[in-house]
Every structure is written in C-alpha cells, then in structure tokens.
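Chemist: Sharing a structure below in structure tokens format, with a few things to ask.
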Ligand SMILES: NC(=O)c1ccc[n+]([C@@H]2O[C@H](COP(=O)([O-])OP(=O)(O)OC[C@H]3O[C@@H](n4cnc5c(N)ncnc54)[C@H](OP(=O)(O)O)[C@@H]3O)[C@@H](O)[C@H]2O)c1
C-alpha cells in the first residue's frame with residue numbers, strides 16, 4: 001500500500017493514546033518519529049526538537065504529551081500543578097516553534113486538549129461555544145490550545161481535539177475500574193449525576209487520522225461520542241457488560257480525600273458536550289453507544 005504521509009511526528013507517542021496513534025499512523029506513513037523525555041535510537045527528545053527542529057519531510061505533527069493529572073500517588077501540590085501545565089503547554093510550544101522555523105512546514109498540526117474547557121453547568125456545549133476561563137483546568141485547556149498557535153504566514157492546518165474520558169483497555173478509566181468492578185465493588189462515583197463525556201480509544205484514534213487526512217478539517221473538534229451520558233449510566237453499562245453488580249458507591253468525600261478538592265472536580269463534575277462539528281464534517285463513529293463500547297472493552 002502506498003503511504004499517505006511521509007514522516008509523522010508524535011509528541012507523547014509512548015503513552016496510552018500516543019501508542020495507538022503511533023500504530024495507526026505507522027500503517028499509512030513512511031516513518032513515525034516519537035518525541036519523548038527519553039531519547040533512544042527511534043525517539044527524539046524535546047531538546048532535540050528545540051535544537052534541530054522536526055525531521056525533513058514531516059507532513060503531520062501531533063502532540064498528546066502530558067503528565068497524568070489523576071495519579072493518586074501524587075499530591076495536588078503547586079509543584080505538581082506546574083508540571084501538569086509545563087508537560088502540555090511547553091511541549092506544544094516546542095512543536096509550534098519548530099513548525100514555524102521549518103523550511104517546508106507540515107500539512108497539519110493536531111494537538112489534544114480536554115473537555116474541561118467547558119463549564120459543568122448542565123448547559124449543552126458544542127465546538128461553536130467560546131467559554132471564558134472559570135477554573136484551573138479550563139485555564140489549562142485554554143493555555144494548552146493557544147500554545148499551538150502558529151504565525152499567520154505558516155499555512156499548516158491547525159486542529160485541536162478536545163477529548164472526553166478515553167475508554168480503552170490499556171490504561172485510563174477502564175483499566176482503573178476493571179478490578180473493583182470484577183470484584184463486585186463497582187458503583188457510581190459521587191452523585192453519579194455528573195455528565196461523563198467519553199470516547200472509545202479506537203474512535204479517538206480514527207478522529208486523529210480523519211483530521212490528518214481531510215483538508216477541510218481545521219479548528220476545534222470535540223473528541224467525544226455523540227451520546228451524552230452520566231456517570232451513573234456509564235456505571236450501569238460497564239457493570240452489565242462485565243455481568244457484575246454496581247451497588248457500592250464511591251462517595252464524594254473519599255474522592256476528595258485522595259485527589260484534593262480542585263482535582264476532584266475532574267471526577268465529580270462533568271460538562272454536557274456534543275461533537276457537533278465532528279458530525280457536521282462527516283466523521284463516522286464506530287462506537288456511538290456506551291453499551292457497545294463497554295461490551296467491546298470487556
Ligand atoms: N486518557 C484520557 O482519558 C484523556 C482525556 C482527555 C485528554 N487527555 C490528554 O491526552 C494526553 C495523553 O493522555 P494519555 O492517557 O495517553 O496519557 P499517558 O498514557 O500518561 O501518556 C502521556 C505521555 O506524555 C508524556 N509525558 C508524561 N509526563 C510528561 C512530562 N512531565 N513532560 C513531557 N511529557 C510527559 C509521556 O511520554 P514520555 O514518558 O515518553 O516522555 C507519556 O507517554 C494527555 O495530555 C492527557 O491530558 C487524555
């Protein structure tokens with residue numbers, strides 16, 4: 001099969017989402033180069049990119065780097081918060097700078113961001129809504145997205161995918177919940193009424209490929225399934241797919257004890273987010289219903 005792209009550069013290509021992207025792009029590209037904190041024979045470091053730029057013939061640049069915010073072993077300290085910001089904003093800036101200095105800039109620059117951009121106030125949001133900063137995570141999303149801005153004279157297409165909770169077996173929410181659910185200890189988190197924008201990792205990967213391959217795709221895409229669900233509906237779907245009861249709730253105070261007040265908002269609150277532009281652009285989901293996604297995952 002002939003390659004659709006020459007070289008593809010993926011920041012954070014060693015992680016859960018990045019590894020999926022690496023495999024998907026490798027199937028349709030001549031070469032995939034990972035950017036990581038640890039350079040190896042096949043990986044460039046962030047310093048390499050700052051010093052030497054992106055490789056010649058790079059047609060697609062992606063950034064999905066970012067320190068894990070929900071690591072329960074990490075206290076929500078100011079140092080940790082700074083690293084959470086730097087790992088997203090600085091890596092994106094390094095790639096944007098490298099693109100700006102390129103003799104032959106890539107066709108497209110795609111970065112990930114989060115649905116924490118939107119207010120968890122019950123109102124329905126689409127990509128067409130501009131939301132003023134209202135908390136730490138919405139500020140993070142705004143700065144992260146703006147870090148990828150390119151000078152006007154650079155004609156590289158810029159795409160931002162604001163992702164919801166990514167469901168996949170390797171890592172993230174499903175991997176964390178599998179054992180307690182299997183042991184019959186699953187249940188709602190907090191009130192269970194909070195919205196939970198979600199996407200199957202396969203659909204998120206396909207959305208990155210869709211954005212890379214379609215010249216008409218520019219700007220923000222909400223990386224979420226069209227089906228709006230709550231935490232309680234997700235809990236039921238996962239329990240049903242695993243054939244396990246979901247009667248043991250995880251109370252709000254326990255979440256706050258582990259994660260601290262500010263960070264708990266990521267778990268205890270959720271915005272009502274629709275992927276209107278994604279659908280308008282003609283993207284087709286493989287997993288639109290949470291029941292189908294959970295069945296596939298277990
Ligand atoms: N998973 C989700 O549900 C979800 C939802 C919305 C948005 N996102 C965002 O998507 C991105 C990828 O998520 P993921 O689940 O794939 O995370 P992951 O598995 O933890 O991978 C993140 C990658 O970021 C790099 N990284 C970690 N700490 C870093 C630091 N301090 N400085 C620079 N790079 C660092 C790591 O690469 P090296 O170790 O090779 O440097 C790692 O491979 C993150 O920015 C996350 O916020 C994820």
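Computed from the coordinates by the stated procedures, all read-outs in this text should not be read as laboratory data. None of these values were measured; they are calculated from a predicted model. Positions of Cβ are generated from backbone atoms using ideal geometry, with glycine treated the same way; all protein chains shown enter the neighbour counts.
Chemist: Working out 0.36 nm times the residue gap between residue 280 and residue 43, then minus their Cα-Cα distance, what length gain in nm do you get to one decimal? Kindly include the intermediate steps, with their values, before the conclusion.
Modeler: On the way: separation 237, 0.36 × 237 = 85.32 nm, distance 3.64 nm.
Extending this stretch completely gives an extra 81.7 nm.
Chemist: If the chain between residue 149 and residue 182 were fully stretched, how many nm would it gain, using 0.36 nm times the residue separation less the Cα-Cα distance?
Modeler: On the way: separation 33, 0.36 × 33 = 11.88 nm, distance 4.42 nm.
Result: 7.5 nm gained on full extension.
Chemist: Next up: Per residue and in cubic angstrom, what volume does the convex hull of the Cα atoms of the stretch 109-150 have? Write down the numbers at each step before the final one.
Modeler: Details: hull volume 3.3 nm³, N = 42.
It comes to 78 Å³ per residue, whole-number rounded.
Chemist: Ranking request for peptides 42-48, 3-9: highest mean number of other beta-carbon atoms within 10 Å first, then the rest in descending order. Write down the numbers at each step before the final one.
Modeler: Details: 42-48: 15.3, 3-9: 20.4.
The packing order, highest mean first, is 3-9, 42-48.
Chemist: Calculate the spin-label point distance for residue 254 paired with residue 56, positioning each point 7 Å from the Cα along the beta-carbon direction, and give it in nanometres.
Modeler: Result: 5.9 nm between the two label points.
Chemist: How much of the DSSP beta bridge set in the chain is antiparallel, as a percent to the nearest 5?
Modeler: Values: 1 of 37 bridges.
Looking only at bridges with both residues in the chain, the antiparallel portion is about 5 percent.
Chemist: Under a plain spin-label model, where a point goes 7 Å from the Cα along Cα-to-Cβ, how far apart in nm are residue 191 and residue 121?
Modeler: Each label point lies 7 Å from its Cα, and together they span 1.6 nm.
Chemist: Further question: Starting from the Cα of residue 214, move 7 Å in the Cα-to-Cβ direction to define the label point; list residues of the stretch 245-288 whose amide nitrogen is under 19 Å from there.
Modeler: 274-288
Chemist: Determine the gain in length on full extension of the stretch residue 70-residue 6; use 0.36 nm per residue of separation and subtract their C-alpha separation, reporting nm with one decimal. Intermediate results must be reported in sequence, preceding the final value.
Modeler: Numbers: separation 64, 0.36 × 64 = 23.04 nm, distance 3.53 nm.
My answer for the length gained is 19.5 nm.
Chemist: On a 0 to 90° scale, report how tilted helix 78-100 is relative to the longest principal axis of the chain, with both axes built from alpha carbons and the result rounded to the nearest 10.
Modeler: 30 degrees
Chemist: In the calculated pair distance distribution of the chain, what percentage of Cα-Cα distances lie above 34 Å? If you can, show how the numbers build up before the last one.
Modeler: Details: 8634 of 44253 pairs.
Summing the P(r) of the chain above 34 Å gives 20 percent of all pairs.
Chemist: With angles folded into 0 to 90 degrees, how steeply does helix 136-146 sit against the dominant principal axis of the chain? Use alpha carbons for both and round to 10.
Modeler: So the helix axis and the longest Cα principal axis differ by about 20 degrees.
Chemist: Could you tell me the distance between the Cα centroids of the stretch 72-110 and the stretch 195-272, to the nearest Å?
Modeler: 23 Å
Chemist: Here is a further query. On a 0 to 90° scale, report how tilted helix 172-182 is relative to the longest principal axis of the chain, with both axes built from alpha carbons and the result rounded to the nearest 10.
Modeler: Helix 172-182 sits roughly 30 degrees off the main axis of the chain.
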